[in-house]
Amino acid sequence: MVKEKEANNTIGWKAVRKGWEYNIWQEVGNRGGLCEAQEILLLENEGEKKAPIEAYVQLYRELMEKQVPIANVFDRFAIKVKASRKKEGVKDYILERFDEYEMEQVGEDEETIYFEKDITTAEQLEKITIGWKEDTFSFEMFFTEKEVLTSDVDRRNKDGQSLSA
């Protein structure tokens, strides 16, 4: 997952890739090239910073050393999948994915049916796609950072002095 600035200038978390470590490194290579071309800028202290590919790869080397079990992602994030599909022209194997993922229909218009699903278990997260879009359907995963609980951060006493949690 990476924290990115979207085209509308909002900053949010995005799952870039999931899978085995070699799958992640393939994506790091692709994104590192974009970083080298300055199409990806690193976020630092709420600002943007240019970085060469080496810095981008080093960032991931450090992150890979701090891996946590997939179930821990739910401690920090609420996860929702939003999907849509055309009413006609969708291949059977795609329709099967909507059933397999147990997507809940939340609306429709003349051409399209819309779905959502809250992801609450590691099993669901491992099974469902993080992003897949074609002409007749799309799946997109959204991560919303949960509010940090007071017990998880330094507490302050009445005088503003830092107390250990």
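Observations, loosely collected:
- For the range 1-25, a residue qualifies if it is hydroxyl-bearing (Ser, Thr, Tyr) and more than 24 Å from Leu125 (Cα to Cα), and exactly one does: Thr10.
- Selection count where residues are in contact with a Leu (Cβ under 7 Å, 6 or more places away or on another chain) and on the phi > 0 side of the Ramachandran plot, scope the range 41-75: 0
- For the range 21-29, the condition of being without any contact (Cβ under 8 Å) to a residue 40 or more places away in the chain and among the aromatic types (Phe, Trp, Tyr) holds for at least one residue.
- Filtered residue count, the range 41-54, keeping only those that are hydrophobic (A, V, I, L, M, F, W, C), closer than 15 Å to Val2 by Cα and not in a loop (DSSP other than H, G, I, E, B): 2
- Yes/no for Ile94 being open to solvent by less than 40 Å² (accessible area, probe 1.4 Å), over 27 Å from Met1 (Cα atoms) and not in a loop (DSSP other than H, G, I, E, B): no
- The single condition from (1) in contact with a Pro (Cβ under 8 Å, 6 or more places away or on another chain); (2) under 28 Å from Ile128 (Cβ atoms) that Ala78 fails is (1).
- In the set (1) under 28 Å from Lys3 (Cα atoms); (2) assigned to a helix (DSSP H, G or I); (3) not small (Gly, Ala, Ser), the condition left unmet by Phe115 is number (2).
- Pair list, Cβ < 6 Å and 6+ apart or interchain, from the range 31-53 residues that are closer than 18 Å to Gly12 by Cβ and touching a residue at least 60 places away in the same chain (Cβ under 8 Å) to residues that are assigned to a loop (DSSP other than H, G, I, E, B) and open to solvent by less than 70 Å² (accessible area, probe 1.4 Å): none
- Between Val73, Val28, the distinction of being within 20 Å of the chain's Cα centre (by Cα), open to solvent by less than 70 Å² (accessible area, probe 1.4 Å), of a type in the set (A, V, I, L, M) and farther than 23 Å from Gln124 by Cβ belongs to Val28 only.
- The single residue among Lys146, Lys127, Lys117 that is farther than 13 Å from Val73 by Cα, over 13 Å from the mean Cα position of the chain (by Cα) and modelled with pLDDT under 95 turns out to be Lys127.
The values are calculated or read from the model by the stated rules, or taken from the named source; none is laboratory data. Since this is a predicted model, take the numbers as computed values, not measurements. Because the Cβ atoms are built from the backbone with ideal geometry, glycine has one as well, and the counts that use them run over all protein chains shown. Keep in mind that these areas ignore ligands, DNA and RNA; they rest on the heavy atoms of the full protein, side chains included. Shrake-Rupley method; radii C 1.70, N 1.55, O 1.52, S 1.80 Å.
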